[in-house]
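The values are calculated or read from the model by the stated rules, or taken from the named source; none is laboratory data. Quick caveat, the model's predicted, so the values are computed rather than measured. We place every Cβ from the backbone using ideal geometry, glycine too, and count neighbours over all the protein chains shown. Only protein heavy atoms, including side chains, enter the accessible area calculation; ligands, DNA and RNA are left aside. Shrake-Rupley method; radii C 1.70, N 1.55, O 1.52, S 1.80 Å.
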Amino acid sequence: MQQYFVKETLALNQVVALDSQQSFHIAKVMRMKEEDTIVVVDGAKIAYEAELRKVGPICTAQMTSSLDRDNEMNAQVTVVMALIKKDKWDFFLMKATELGAARIVPFKAKRSVVKSDDEKLEKKKQRWMRIVEEAAEQSRRQCVPEVSDPMTLKQLKNVMSEVNLIAYEKESGTGKLLRDALKSSQSVTIVIGPEGGFEPSEVDELLDMGFECVSLGKRILRAETAACYALAAIDALVE
Ligand code: SAH
């Protein structure tokens, strides 16, 4: 069943209006009709089954039952992702959301070829939020991952978790494995480097902050693949 997020906290029988993009999706893409059923997840992350009351430029739906559902990952994973080129970045946002990331932190790595340009940031962030929201709806999550403003290495101390990892390409095949680093942790932060990899000084600074290096296996993965691998592996390990 198609799912849509709304900001309000809802109650049973309440009627809510979907926004114009969601309404377009319902009316024109899915070609749904009045009385068809959708799932609405409210601001308190409660999922409701809802019946469409009005279908048009602004659709409305009435909550008919609440759904007992938890599709979130067992661990809260923060992916710190070095800024990479737009198409790869958008792919990463979509897949990381499907795979259950709780928070995404764009990272201004020394070798990031894409520079974060503060002037365009607001527009970029709107696009990013749209991508993660759609991916969260598509994958039937209750939570839309938070996407922070791009951070410098020093700022990463604000997004540390119980377990803090650097996926380091120089550790491929030889380094500590994810499964040995995870323990029974509830929250994990993992840093992924850019296309050109990390500068050794960045790894040293992260180690000083309390991060530890892990290997994501024997092969060198592209940054966006590394992020997907890490999330899928963590999900399987904490399941
Ligand atoms: N250009 C570099 C590779 C960069 S891959 C080189 O040829 O060595 C981009 C990022 O993906 C890396 O910085 C790292 O965070 C992650 N990554 C890719 N493969 C990995 C592996 N096998 N183990 C750990 N991290 C890996």
Per-region count, the range 175-233, residues modelled with pLDDT under 95, of a type in the set (A, V, I, L, M) and surrounded by fewer than 15 Cβ atoms within 10 Å (Cβ to Cβ): 1
Output for the range 146-174, where each listed residue is buried (at least 18 other Cβ atoms within 10 Å of the Cβ) and small (Gly, Ala, Ser): Ser161, Ala167
Qualifying residue in the range 27-41 (condition: in contact (Cβ under 8 Å) with a residue 60 or more places away in the chain, out of contact with any helix residue (DSSP H, G or I) (no Cβ under 8 Å at 6 or more places or on another chain) and not in a strand (DSSP E or B)): no
Where Leu216 falls short, out of the listed (1) touching a Lys or Arg at 6+ places or on another chain (Cβ under 9 Å); (2) near the ligand (Cβ under 10 Å from one of its atoms); (3) more than 18 Å from Lys108 (Cβ to Cβ): (1)
Close pairs (8 angstrom Cβ cut-off, 6 or more residues apart or separate chains): farther than 15 Å from Leu153 by Cα in the range 207-219, of a type in the set (Asp, Glu) anywhere: Cys213/Glu171; Val214/Glu171; Ser215/Glu171
Residue among Ala96, Ala109 that is in contact (Cβ under 8 Å) with a residue 24 or more places away in the chain, assigned to a loop (DSSP other than H, G, I, E, B) and open to solvent by less than 70 Å² (accessible area, probe 1.4 Å): Ala109
Close pairs (7 angstrom Cβ cut-off, 6 or more residues apart or separate chains): outside the structural domain of Thr152 (by TED's automatic domain parsing) and within 18 Å of Ala82 (Cβ to Cβ) in the range 116-127, modelled with pLDDT under 90 and among the β-branched types (Val, Ile, Thr) anywhere: none
Of the criteria (1) touching a strand residue (DSSP E or B) at 6+ places or on another chain (Cβ under 9 Å); (2) open to solvent by 70 Å² or more (accessible area, probe 1.4 Å), which one Lys7 fails: (1)
Close pairs from the range 188-199: first under 8 Å from Ile166 (Cα atoms), partner near the ligand (Cβ under 6 Å from one of its atoms), Cβ under 7 Å, at least 6 apart: Ile190/Ala167; Val191/Ala167; Ile192/Ala167; Ile192/Ala223; Ile192/Ala226
